[in-house]
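*Asks:* Mind looking over this structure? Questions follow.
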Amino acid sequence: MRLLYIVATYVLFALLFPVLCVHRKTRHGLMQRLGFYAPGALPSGEGPLLWLHGASAGDLLALAPMFGPLRERFPGCRIVLSTMTDSGHAMARDRLAKQIDGVVYAPYDLWGATRRAVRALRPDILVLEYTEVWPNLIRAAKQAGARVVMTNGRFSPANVGRYRTLFGLIGNPLEDMDLLLMRQDEEAGRARLLGAPPERVLTTGNTKFDALAAGPAPEDEALRGALNLTSGQPVWIAGSTHEGEEEILLQVYQRLRERWPELALVIAPRYLNRAERILALAKERGLDAGLRSQGNPGRAAVVVMDSMGELSRAYRLATVVFVGGSFTKRGGQNILEPAGQGRPVLFGPHMDNFRDSVAVLEGNGGILVADGEALHAALEELLANPERLKSLGARAEATVRRISGASERNAEAMAALPRREQGVVRA
């Protein structure tokens with residue numbers, strides 16, 4: 001059965017290779033993706049090597065809160081991150097460089113590429129984030145003596161049947177995992193249903209919550225300056241917006257400015273290549289608009305963020321927040337991130353991908369609004385009542401703090417793994 005998967009991956013790779021080479025998210029790092037590393041690309045040293053993999057920039061940020069707890073439990077360890085996307089690689093290289101020992105592109109899940117990568121990195125523990133179940137990589141790591149761990153594990157109920165069929169055809173990679181650290185009890189139940197050994201499945205929570213309640217930092221004021229906002233100015237931040245939402249937000253903003261002329265609107269699109277389009281939409285409505293990358297020199301009322309990795313910090317500058325992807329059928333975006341900064345969070349009705357977050361936050365600093373009219377009414381009521389704004393923000397932050405701690409639990413579980421014969425450190 002494993003042979004079927006090996007053959008299928010090579011056939012699929014041959015078909016997709018031309019696309020992978022030119023796609024904006026995957027066109028760099030070909031040699032590393034094939035398991036070849038230039039001299040100096042990997043960290044040297046004698047300590048245990050912990051290889052943490054996340055598909056994209058957001059997944060790597062969710063792994064970041066574990067760095068400290070892992071270093072405490074594995075003294076002298078080397079932490080190497082891998083990712084599939086160019087943006088994830090760039091973010092890790094720029095923002096996480098001081099916390100890690102190396103960043104590489106993940107190998108394609110090909111029999112040869114994964115084995116070359118494992119031989120080069122020689123991991124003691126391979127940590128796979130979210131639903132990154134790559135059978136060839138998992139098998140290569142196991143055969144080399146590494147422990148394999150899933151963190152923030154999630155299996156969508158809609159996909160359980162597909163997973164079961166696939167695992168029946170190619171063999172069950174969950175059986176090769178030493179630990180499956182799941183976000184929720186329901187996720188843990190689905191992992192067991194799919195054949196993961198029950199004693200290896202634990203519910204530890206979601207590490208992304210641990211990075212959400214960060215306090216103020218000196219960089220906050222630098223960002224305020226880059227956006228050309230003044231201290232004390234009311235700021236509405238619309239984060240992770242998608243096509244079709246900005247028109248609604250700009251219309252609501254124009255109505256709000258009639259009563260609050262000093263109100264600024266910062267729009268952070270989910271995809272940065274849409275920044276110029278949003279700038280044009282604002283100007284079509286007669287609104288002054290500027291880009292964060294240009295420093296908003298005219299102190300325009302509407303600022304479009306066209307920079308990567310600054311949204312969480314921007315939320316700390318907000319008076320109130322709306323999170324996008326929720327007025328469209330995209331399934332929502334992360335509403336707990338601004339909540340962790342102590343800000344009231346508004347979101348639309350389409351939050352299918354973040355139901356767990358809605359269950360936690362709604363009524364605790366989070367407000368669901370059905371449409372643009374409801375959004376305007378909610379914002380008007382909040383801006384007119386500063387005490388309620390403050391109360392909702394405090395409740396949101398307290399809620400996020402209450403559900404944090406997954407990083408410590410995950411590190412503790414990994415440290416409890418017994419020593420492997422081929423050199424994995426003793427817990």
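The values are calculated or read from the model by the stated rules, or taken from the named source; none is laboratory data. Just so we're clear, the structure is a prediction, and the values are computed from it rather than from any experiment. Because the Cβ atoms are built from the backbone with ideal geometry, glycine has one as well, and the counts that use them run over all protein chains shown. Keep in mind that these areas ignore ligands, DNA and RNA; they rest on the heavy atoms of the full protein, side chains included. Shrake-Rupley method; radii C 1.70, N 1.55, O 1.52, S 1.80 Å.
*Asks:* When ligands, DNA and RNA are left out and all protein chains stay put, how many square angstrom of accessible area per residue does region 144-190 have with a 1.4 Å probe? All intermediate terms of the calculation are to be shown ahead of the outcome.
*Replies:* Working: 1710 Å² over 47 residues.
Result: 36 Å² of accessible area for each residue.
*Asks:* Right, something else. Using the alpha-carbon centroid of each, what span in Å lies between region 163-211 and region 322-348?
*Replies:* When both Cα centres are located, 27 Å separates them.
*Asks:* Given springs between every Cα pair under 10 Å in a Gaussian network model of the chain, which of L16, L256, L368 has the largest fluctuation?
*Replies:* L16
*Asks:* Another question, if that's okay. Kindly flag which residue pairs out of K25/K98; K98/K208; K98/K283; K208/K329; K283/K390; K208/K390 have an alpha-carbon separation exceeding 30 Å in this structure. Write down the numbers at each step before the final one.
*Replies:* Numbers: K25/K98 24 Å; K98/K208 19 Å; K98/K283 40 Å; K208/K329 23 Å; K283/K390 32 Å; K208/K390 24 Å.
From the list (K25/K98; K98/K208; K98/K283; K208/K329; K283/K390; K208/K390), the Cα-Cα distance tops 30 Å for K98/K283; K283/K390.
*Asks:* Using only the alpha-carbon atoms, how far is helix 218-227 inclined from the longest principal axis of the chain? Give it as 0 to 90 degrees, nearest 10.
*Replies:* Helix 218-227 and the main axis of the chain meet at about 60 degrees.
*Asks:* If you take the beta carbon distance between D176 and E219 as r and set R0 to 35 Å, what does 1/(1 + (r/R0)^6) give as a FRET efficiency, to the nearest 0.05?
*Replies:* Values: r = 42 Å, r/R0 = 1.19.
My answer for the efficiency is 0.25.
*Asks:* If I model a spin label at N353 and R27 as a point 7 Å from the Cα along the Cα→Cβ vector, what separation in nanometres do I get?
*Replies:* The modelled label-to-label distance comes out at 2.3 nm.
*Asks:* Could you tell me the distance between the Cα centroids of region 95-161 and region 218-232, to the nearest Å?
*Replies:* 39 Å
*Asks:* Turning to a different aspect of this structure: Can you tell me what share of the DSSP beta bridges in region 78-210 is antiparallel? A percent to the nearest 5 is fine.
*Replies:* On the way: 0 of 15 bridges.
The antiparallel proportion sits near 0 percent.
*Asks:* Same structure again: Averaged per residue, what accessible area in Å² does region 5-93 show with a 1.4 Å probe, protein chains only?
*Replies:* On the way: 4100 Å² over 89 residues.
Here the residues of region 5-93 average 46 Å² of exposed surface.
*Asks:* Report, in degrees rounded to the nearest 10, the 0 to 90 angle that the Cα long axis of helix 2-22 makes with the longest principal axis of the chain.
*Replies:* Helix 2-22 and the main axis of the chain meet at about 40 degrees.
*Asks:* Rounded to the nearest 0.05, what FRET efficiency is calculated for Q233 and L3 with R0 set to 51 Å and r the Cβ-Cβ distance? Kindly include the intermediate steps, with their values, before the conclusion.
*Replies:* Details: r = 63 Å, r/R0 = 1.24.
With a Förster radius of 51 Å, E is 0.20.
*Asks:* Would you pull out the residues with amide H under 5 Å of G153's amide H, same chain only if 5 or more places away, H placed 1.01 Å from N?
*Replies:* Y130, L181, M182, R183
*Asks:* Kindly provide the helix-only [θ] at 222 nm of the chain, computed as the sum of -39,500 (n - 2.57) over DSSP H runs of four or more divided by all residues, to the nearest 500 deg cm²/dmol? Show your work: numbers first, answer last.
*Replies:* On the way: 18 runs with 177 residues, N = 427.
Computed ellipticity for the chain at 222 nm equals -12000 deg cm²/dmol.
*Asks:* Oh, and also: Could you tell me how far the Cα centroid of region 278-316 sits from the Cα centroid of region 1-46, in Å?
*Replies:* Each part reduced to its Cα centre gives a spacing of 37 Å.
*Asks:* If you look at just the Cα atoms of region 214-266, how large are its Rg and its Dmax in Å?
*Replies:* Radius of gyration, then largest Cα-Cα span, for region 214-266: 13.0, 35 Å.
*Asks:* May I ask for the angle, rounded to the nearest 10°, between helix 372-383 and the longest principal axis of the chain, with both axes built from Cα atoms and the value confined to 0 to 90°?
*Replies:* 70 degrees
*Asks:* Right, next: In region 247-306, which trypsin sites (Lys or Arg not before Pro) fall in coil by DSSP and have 16 or fewer other Cβ atoms within 10 Å?
*Replies:* Numbers: sites: R255, R257, R259, R270, R274, R277, K283, R285, R292, R299; in loops: R259, R270, R285, R299.
Passing sites in region 247-306 are R259, R270, R285, R299.
*Asks:* At a 1.4 Å probe, what is the % contribution of carbon and sulfur to the accessible area of region 88-225? Each step should come with its number before you reach the end.
*Replies:* Values: 2840 of 5500 Å².
The C+S portion of the solvent-accessible surface of region 88-225 is 52 percent.
*Asks:* Right, here's the next one. Taking H placed 1.01 Å from N in the peptide plane, check which residues at least 5 places from L291 or on another chain put their amide H under 5 Å from its amide H.
*Replies:* The answer is N296, V304.
*Asks:* Quick one: which of 189-197, 222-230, 138-146 comes out on top by average Cβ neighbours within 10 Å, and what's the full order, highest first? Could the numbers behind the result be given before it?
*Replies:* On the way: 189-197: 18.4, 222-230: 16.7, 138-146: 20.7.
For the peptides 189-197, 222-230, 138-146, the packing ranking is 138-146, 189-197, 222-230.
*Asks:* Taking only Cα atoms and a 10 Å spring cutoff, compute GNM fluctuations for the chain and point out the largest among G161, G102, G290.
*Replies:* It is G161.
*Asks:* Continuing with the same structure: Compare S87, S44, S293, S82 by solvent-accessible area with a 1.4 Å probe and give them largest first, with all protein chains kept in place.
*Replies:* Details: S87 45, S44 105, S293 75, S82 0 Å².
Correct descending sequence by accessible area is S44, S293, S87, S82.
*Asks:* Mind ordering 63-70, 341-348 by average Cβ neighbours within 10 Å, highest first?
*Replies:* Values: 63-70: 21.8, 341-348: 24.9.
For the peptides 63-70, 341-348, the packing ranking is 341-348, 63-70.
*Asks:* Go through region 1-50 and name the chymotrypsin sites (Phe, Trp or Tyr not before Pro) that are in a DSSP coil and have 10 or fewer other Cβ atoms within 10 Å of their Cβ. Provide the component values of the computation, followed by the final result.
*Replies:* Working: sites: Y5, Y10, F13, F36, Y37; in loops: F36, Y37.
Here no chymotrypsin sites (Phe, Trp or Tyr not before Pro) fit, given the DSSP loop and packing criteria.
*Asks:* Most fluctuating residue of V160, V369, V149 in a GNM of the chain with Cα springs under 10 Å: which is it?
*Replies:* Per the Cα network of the chain with a 10 Å cutoff, V160 tops the list.
*Asks:* Another question, then. Short version: ³J(HN,Hα) in whole Hz for each residue of region 106-114, in order, from phi by Karplus 6.51 cos²θ - 1.76 cosθ + 1.60 (θ = phi - 60°), x for Gly and Pro, what are they?
*Replies:* Using θ = phi - 60°, the values come out as 5, x, 4, 7, 9, 3, x, 4, 5 Hz.
*Asks:* Continuing with the same structure: Which GluC sites (Glu not before Pro) from region 254-321 combine a DSSP loop assignment with at most 14 other Cβ atoms within 10 Å?
*Replies:* E258, E262
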